[in-house]
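Asks: Sharing a structure below in structure tokens format, with a few things to ask.
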Amino acid sequence: MPTCLIGLGANLGNRCDTLDRAARLLASRPNVRVLRASPWRETAPVGGPPGQPPYLNGALVLDTALAPEAVLAVLQQVENELGRRRGDRWSPRAIDLDLLLYDQQRRETSSLVLPHPRMAWRRFVLEPAAEVAGEMLHPTTGWTVAQLLGHLNTAHQYVAFAGGIGSGKTFWANRLAEACQAAKVFERP
């Protein structure tokens with residue numbers, strides 16, 4: 001059976017209870033078996049409106065006989081059962097379930113992108129995922145989940161500015177570098 005990596009998050013209501021219930025509901029679904037669950041960890045919200053409460057995040061590893069689209073449908077059913085109301089992107093939510101990896105499949109449809117397009121640089125995803133699925137391969141990068149987290153932990157932090165000539169890239173790069181006492185690296189034409 002295919003193995004899936006699921007990301008879980010909640011920042012409204014009783015977050016711990018909601019994540020526990022989500023894991024139990026997934027385990028109760030036909031053709032779905034929860035193999036491993038990470039501990040829940042509190043993280044700061046990323047994106048979205050300011051002033052959101054912190055999230056609890058975690059990860060599950062599932063075995064399933066379901067196709068990827070059917071797994072996504074199950075995740076959305078569980079979200080609905082637990083009070084998810086879809087609003088603005090990255091807004092506060094009672095529950096968020098993401099299909100991160102489905103074996104080594106790559107897929108891009110209007111409703112599903114595999115692997116999850118932003119998982120490789122999100123610490124709140126990679127830390128719990130590495131605890132339960134460190135050996136799983138990210139099919140696009142060819143790196144394991146543990147390697148992705150290791151890279152995130154050791155890579156230099158940087159900010160890139162993009163835009164046309166005269167858009168202010170150099171001005172803002174200089175201002176930011178001065179304010180942060182950071183090195184500047186400019187692209188040469």
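The values are calculated or read from the model by the stated rules, or taken from the named source; none is laboratory data. Here the structure is a predicted model, which means the values were calculated and not measured. Positions of Cβ are backbone-derived with ideal geometry, glycine not excepted, and every protein chain shown enters the neighbour counts. Note: accessible area is taken over every heavy atom of the protein model, side chains too, but ligands, DNA and RNA are not part of it. Shrake-Rupley method; radii C 1.70, N 1.55, O 1.52, S 1.80 Å.
Asks: Out of Gly150, Gly163, Gly134, I need the residue that is open to solvent by less than 60 Å² (accessible area, probe 1.4 Å), more than 26 Å from Arg41 (Cβ to Cβ) and out of contact with any Leu (no Cβ under 7 Å at 6 or more places or on another chain). Which one? Explain how you work it out, then say what you get.
Replies: Details: Gly150 fails: more than 26 Å from Arg41 (Cβ to Cβ); Gly134 fails: more than 26 Å from Arg41 (Cβ to Cβ).
When all the criteria are applied, what remains is Gly163.
Asks: Sort out which residues of the stretch 166-184 are surrounded by fewer than 10 Cβ atoms within 10 Å (Cβ to Cβ) and either modelled with pLDDT of 80 or more or in a loop (DSSP other than H, G, I, E, B) (or both), and write them in order of number.
Replies: Going residue by residue through the stretch 166-184, those that are surrounded by fewer than 10 Cβ atoms within 10 Å (Cβ to Cβ) are 166, 179, 181, 183.
Within the stretch 166-184, Gly166, Gln181, Ala183 qualify.
Asks: Separate question: Listed residues Gly51, Gly83; which is over 30 Å from His156 (Cα atoms) and modelled with pLDDT under 95?
Replies: Of the residues listed, the single one that is over 30 Å from His156 (Cα atoms) and modelled with pLDDT under 95 is Gly83.
Asks: Suppose we filter Pro30, Pro39 for residues that are open to solvent by 50 Å² or more (accessible area, probe 1.4 Å) and either closer than 24 Å to Leu114 by Cβ or among the charged types (D, E, K, R) (or both); which single one remains? Please lay out each step first, then the result.
Replies: Working: Pro39 fails: either closer than 24 Å to Leu114 by Cβ or among the charged types (D, E, K, R) (or both).
The conditions single out Pro30.
Asks: Among (1) open to solvent by 30 Å² or more (accessible area, probe 1.4 Å); (2) closer than 20 Å to Arg21 by Cα; (3) not charged (D, E, K, R), there is one condition Gly142 misses while meeting the rest; what is its number?
Replies: (2)
Asks: Collect the residues in the stretch 71-114 that are assigned to a loop (DSSP other than H, G, I, E, B), over 17 Å from the mean Cα position of the chain (by Cα), touching a residue at least 40 places away in the same chain (Cβ under 8 Å) and within 23 Å of Trp40 (Cβ to Cβ), keeping them in residue-number order.
Replies: The answer is Leu82, Gly83.
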